[in-house]
Amino acid sequence: MIERVAIIGWGRLARHLAARLQQVDIEVVSVHTRSKANLHTVPAGVDALMVAVSDDAIAAVAAALPSGPDAPRRIHHAGSVPLSHLGEDLARAGVIWPPQTFADTEQAFDWDAVPIAVQSDDPAIVALAKKLSPRAFELSEPKRIALHLGAVLAGNLTAAWLGQVAAYCTAHDLPFDALHPLVHQSIAAALVDGAKPTGPAARNDRAVLTAQRAKLSATPELQRIYASLTDAILAQHGHAPL
């Protein structure tokens, strides 16, 4: 059973994790920076070390942590980082990764609604994940890494695309917030299994599509993305590409 933890790192995820751990009666004994001197001050009696640092720092941080048969369990929270980055004793290691973005504020967060992917052979680590969220589920390493890519495609790239659209609206003196309800409705529909986008590509309205693509000639990157995504919608509906 994991009842007392130390957290390594203090970014957005670490702060939200600390708040959730306290909610579920897991004691956060200490918080540590990435410096070696600080890492060696982990107090005795801690059940697990939760390594919440940037992906490329996990292996180096793990190498500086206390080791040996009596050392605490090790857990990292990165979707695409192999478990082996935590060191050699993988029987007492695990990954607890929420495919979620966390705000840079201390606002309340509904952990009960957050899925958590957990990879570990240690029942105590699996139990901790399920305590953090009732939607926790076990996932193999290859599946976790594949799901992380899915998270990037669905989350980061969607946000990047909407940023491109916002810039387009600003450049043309248009109110981007007028499109917010459409975005919310479109995403809600897309999250329904099997839903297909509507609009001119779905209708195979070639004249409109050609005109819109031409209108974006002043912004080649936006035009390229438009053409690629339009072809994807056309294909979904059984139409030929532009």
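The values are calculated or read from the model by the stated rules, or taken from the named source; none is laboratory data. Note that this is a predicted model, so its numbers are computed, not measured. Note: ideal-geometry Cβ built from the backbone for every residue, glycine included; neighbour counts use all protein chains shown.
Against the numbered list (1) of a type outside the set (A, V, I, L, M, F, W, C); (2) closer than 19 Å to Asp89 by Cα; (3) in a helix (DSSP H, G or I), Thr158 comes up short only at (2). What residue, of Ala166, Ala190, is more than 27 Å from Arg15 (Cβ to Cβ) and touching a Phe, Trp or Tyr at 6+ places or on another chain (Cβ under 7 Å)? None of the other options fit; the residue is Ala166. Does Lys131 count as farther than 20 Å from Leu13 by Cβ and not in a loop (DSSP other than H, G, I, E, B)? No; evaluated as a whole, the condition is false for this residue.
Please verify whether Ile96 is modelled with pLDDT of 95 or more, out of contact with any Gly (no Cβ under 8 Å at 6 or more places or on another chain), assigned by TED's automatic domain parsing to the domain that holds Ala14 and not in a helix (DSSP H, G or I), treating the condition exactly as stated. So Ile96 passes the test. Within the range 164-189, count every residue that is surrounded by 11 or more Cβ atoms within 10 Å (Cβ to Cβ) and closer than 18 Å to Thr219 by Cβ. Residues flagged as surrounded by 11 or more Cβ atoms within 10 Å (Cβ to Cβ) and closer than 18 Å to Thr219 by Cβ within the range 164-189 amount to 11.
Scanning the range 145-183 for residues that are out of contact with any strand residue (DSSP E or B) (no Cβ under 7 Å at 6 or more places or on another chain), within 21 Å of His77 (Cβ to Cβ) and not β-branched (Val, Ile, Thr) yields Ala146, His148, Leu149, Gly150, Ala151, Leu153, Ala154, Gly155, Asn156, Ala159. Count, please, the residues in the range 8-58 that happen to be within 19 Å of the chain's Cα centre (by Cα) and either among the acidic types (Asp, Glu) or not assigned by TED's automatic domain parsing to the domain that holds Leu128 (or both). Of the residues in the range 8-58, 2 are within 19 Å of the chain's Cα centre (by Cα) and either among the acidic types (Asp, Glu) or not assigned by TED's automatic domain parsing to the domain that holds Leu128 (or both). Checked against (1) more than 16 Å from Ala166 (Cα to Cα); (2) surrounded by 11 or more Cβ atoms within 10 Å (Cβ to Cβ), Val192 passes all but a single condition, namely (2). Only one of the numbered conditions (1) surrounded by 15 or more Cβ atoms within 10 Å (Cβ to Cβ); (2) part of a helix (DSSP H, G or I); (3) free of Cβ contacts under 8 Å to residues at least 60 places away in the same chain is violated by Ile225, and that is (3). The conditions of being more than 30 Å from Val118 (Cβ to Cβ), β-branched (Val, Ile, Thr) and modelled with pLDDT under 95 are met by Thr219. Leu209 passes every criterion in (1) at pLDDT 95 or above; (2) within 30 Å of the chain's Cα centre (by Cα) apart from (2). Within the range 82-107, can you find the residues that are more than 24 Å from Thr158 (Cα to Cα) and out of contact with any helix residue (DSSP H, G or I) (no Cβ under 7 Å at 6 or more places or on another chain)? Of everything in the range 82-107, those that are more than 24 Å from Thr158 (Cα to Cα) and out of contact with any helix residue (DSSP H, G or I) (no Cβ under 7 Å at 6 or more places or on another chain) turn out to be Glu88, Asp89, Ala91, Arg92.
Here are the criteria: (1) part of a loop (DSSP other than H, G, I, E, B); (2) under 16 Å from Val95 (Cα atoms). Tell me which single one Leu147 does not satisfy. With (1) part of a loop (DSSP other than H, G, I, E, B); (2) under 16 Å from Val95 (Cα atoms) applied to Leu147, the lone miss is (1). Condition first: of a type in the set (Asp, Glu), farther than 30 Å from Ile75 by Cβ and loosely packed, with under 11 Cβ neighbours inside 10 Å. Can you find one or more residues in the range 230-237 that meet it? No, the range 230-237 contains no residue that is of a type in the set (Asp, Glu), farther than 30 Å from Ile75 by Cβ and loosely packed, with under 11 Cβ neighbours inside 10 Å.
Table: residues versus (1) in a strand (DSSP E or B); (2) over 15 Å from the mean Cα position of the chain (by Cα); (3) assigned by TED's automatic domain parsing to the domain that holds Pro72.
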{"residue": "Gln100", "(1), (2), (3)": "no, no, yes"}
{"residue": "Ala117", "(1), (2), (3)": "yes, no, yes"}
{"residue": "Ala124", "(1), (2), (3)": "no, yes, yes"}
{"residue": "Val152", "(1), (2), (3)": "no, no, no"}
{"residue": "Gly163", "(1), (2), (3)": "no, yes, no"}
{"residue": "Leu179", "(1), (2), (3)": "no, yes, no"}
{"residue": "Gln185", "(1), (2), (3)": "no, yes, no"}
{"residue": "Ala188", "(1), (2), (3)": "no, yes, no"}
{"residue": "Val192", "(1), (2), (3)": "no, yes, no"}
